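Participant: What follows is a structure written as structure tokens; I'll ask about it next.
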Amino acid sequence: MTATRTLQGRILTADGWMRGTIEFDQRVRALHPAPDARDTGGDEPLILPGFVDLHVHGGDGVDIMQGGDAACTVARAHARHGTTALLGTTMTAHEDDIVHALEGLAPAIAERGEGMARILGVHLEGPYISIERLGAQPPLVIEATLEQVRRLHALAPIRVLTLAPEIGAHRALIPQLNQLGIRVQLGHSAGSYEDGVAALEAGAAGFTHLFNGMTGVDHYHPGIATAALAHAEYAELIPDLKHVHPGAIRTALRAIPRLYCVTDATAATGMPDGEYALGSQRVFKCLGCVRLAAGSLAGSALTMDQALRNLVSLGLDVADASNRLSRYPADYLGLADRGRVQAGAWADLVVLDPQLQVRQVFVEGDAIPLG
């Protein structure tokens, strides 16, 4: 049983900032406002809800597609940067390779090991995507069938699934996937604006790494990104300031009420420059970017604490940036007890200094070693 702990500082509660004390074990038990409400000059620690990352391929040199205990290594790597919950994300691959990855994820989803972020389930990013918009995915795309998705879902819970809505019967499949409890996202798509709108009307819920791997915002021939800007409540975006220009990020922030951020982190995250795996692909980390040999971006080396600092550098206040890293992704998955600091919620907490550097992380009340 987790011992009762307390933390003092400026707490970002579900109702806004509060100077005071938080009391917690596995869950938040009480919030106590400070008796003296005077401003202390901003030198107190900031206590935020832990980050919720719905698109994570790897970290600390390993990739989710490796199977085995790779997921545990990835979850420990990201926990050190304030991520308290995540989705293990697959790549486009042959079914046997996806099965191998899901068999490795299943025990890590069922039981959170020491020092790990909570793995909430799977983001199945492929293989139901367009050959025309592969990005860093290999050319092993297929059309989705309910039977195959059911087989994979039985191995490990799929919480989010990316598909290209213009392919085959994908749009007709969306309501059936929703019935399985799967959030359908549009991405890696060569579809039109009309394809995107029709998929949203069919029950698609979001967009995978907005602007990347999809048709764009041409005013004569608008694409999937335009459908997101015009109609979406939720979409994920990679805020490493390399995948999306700051001006486009600001556009998305104005257009999409609950735009949330992901890392799309690869095995190169937390590692020195060099060569790493991204599924069956070889990728190269250099100067903060991860690229294929041909030079195109291939996931990222981003962590969620750096994502917070990047958003603040664009002019967002800390509370707004925090919502886009914690509350909105939790809400997207329908999780009312994560992504916020309130009595009864899981004690998923990240403590930052005034420069927004991580000083402590707690996952379900357990302190995460940062060294």
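Participant: Starting with the highest mean, order 139-150, 303-314, 50-61 by the number of other Cβ atoms within 10 Å, averaged over the residues of each peptide. Walk me through the intermediate numbers first.
Facilitator: Values: 139-150: 15.2, 303-314: 20.8, 50-61: 28.1.
Ranked by mean Cβ neighbours within 10 Å, highest first: 50-61, 303-314, 139-150.
Participant: Another one. Just name one of 334, 269, 315: the one whose Cα is farthest towards the positive end of the charge dipole of the range 215-371 (beta-carbon charges, Lys/Arg +1, Asp/Glu -1).
Facilitator: Towards the positive end, the residue furthest out is 315.
Participant: If you place +1 on the Cβ of every Lys and Arg, -1 on the Cβ of every Asp and Glu, and leave all else neutral, what size is the dipole of the range 235-297 about its Cα centre, to the nearest 20 Debye? Show your work: numbers first, answer last.
Facilitator: Working: 7 positive and 5 negative charges, 46 e Å.
The calculated dipole for the range 235-297 is roughly 220 debye.
Participant: Express as a percent, rounded to the nearest 5, the fraction of DSSP beta bridges in the range 175-328 (both residues included) that run antiparallel. It would help to have the intermediate numbers written out before the result.
Facilitator: Numbers: 11 of 19 bridges.
Once the DSSP bridges in the range 175-328 are tallied, antiparallel ones form about 60 percent.
Participant: Where does each of 154-160, 83-89, 108-114 land if you order them by average Cβ count within 10 Å, highest first?
Facilitator: Those peptides, ordered most packed to least, come out 83-89, 154-160, 108-114.
Participant: Label-point separation (nm) for residue 96 and residue 111, each offset 7 Å from Cα along Cα-to-Cβ?
Facilitator: Inter-label distance under the simple model: 3.0 nm.
Participant: Also, quick follow-up: Only residues of the range 40-84 count here: report those whose backbone N is under 13 Å from the spot 7 Å along Cα→Cβ of residue 103, or say none.
Facilitator: Under cut-off, by backbone N: 66-69.
Participant: Further, regarding this structure: Between residue 143 and residue 25, how many nm apart are label points set 7 Å from Cα along the C-beta direction?
Facilitator: Taking the two extended label points, one gets 5.5 nm.
Participant: Could you please rank 326, 130, 280, placing first whichever residue has the fewest other Cβ atoms within 10 Å of its Cβ?
Facilitator: Numbers: 326 31, 130 22, 280 15.
Starting with the residue having the fewest Cβ neighbours, the order is 280, 130, 326.
Participant: For the pair residue 319/residue 169, report the inter-label distance in nm, with labels modelled 7 Å from Cα in the Cβ direction.
Facilitator: 4.9
Participant: What FRET efficiency comes out for residue 230 versus residue 280 if R0 is 35 angstrom and r is the Cβ-Cβ distance? Round to the nearest 0.05. Write out the running numbers ahead of the final one.
Facilitator: Values: r = 36 Å, r/R0 = 1.02.
Once the sixth-power term is evaluated, E becomes 0.45.
Participant: Follow-up. Rounded to the nearest 20 debye, what is the charge dipole size of the range 51-338 about its Cα centre when +1 sits on each Lys and Arg Cβ and -1 on each Asp and Glu Cβ?
Facilitator: 560
Participant: So, one more: Just add up the charged neighbours of residue 172: K/R +1, D/E -1, any other residue whose Cβ is under 14 Å from the Cβ of residue 172.
Facilitator: On the way: positive: 171; negative: 143, 166, 195, 201.
Summing Lys/Arg as +1 and Asp/Glu as -1 gives -3.
Participant: As a test of the definition: which semi-axes, in Å, follow for the range 1-122 when you take the square root of five times each eigenvalue of its alpha carbon gyration tensor? Largest first, please. Don't jump to the answer; show the numbers that get you there.
Facilitator: Working: eigenvalues 270, 40, 23 Å².
With the √(5λ) rule applied to the range 1-122, the semi-axes are 37, 14, 11 Å.
Participant: Have a look at the DSSP beta bridges in the chain and tell me what percent are antiparallel, nearest 5. The partial results should precede the final answer.
Facilitator: On the way: 38 of 65 bridges.
The antiparallel fraction comes to roughly 60 percent.
Participant: What list of whole percents do you get for P(r) of the chain, with Cα-Cα distances grouped in 20 Å bins up to the one holding the largest distance?
Facilitator: 31, 58, 10, 0
Every number in this text was worked out from the coordinates using simple rules, so none of it is lab data. Predicted model, so just to flag it, every value in this text is computed and none were measured. Note: ideal-geometry Cβ built from the backbone for every residue, glycine included; neighbour counts use all protein chains shown.
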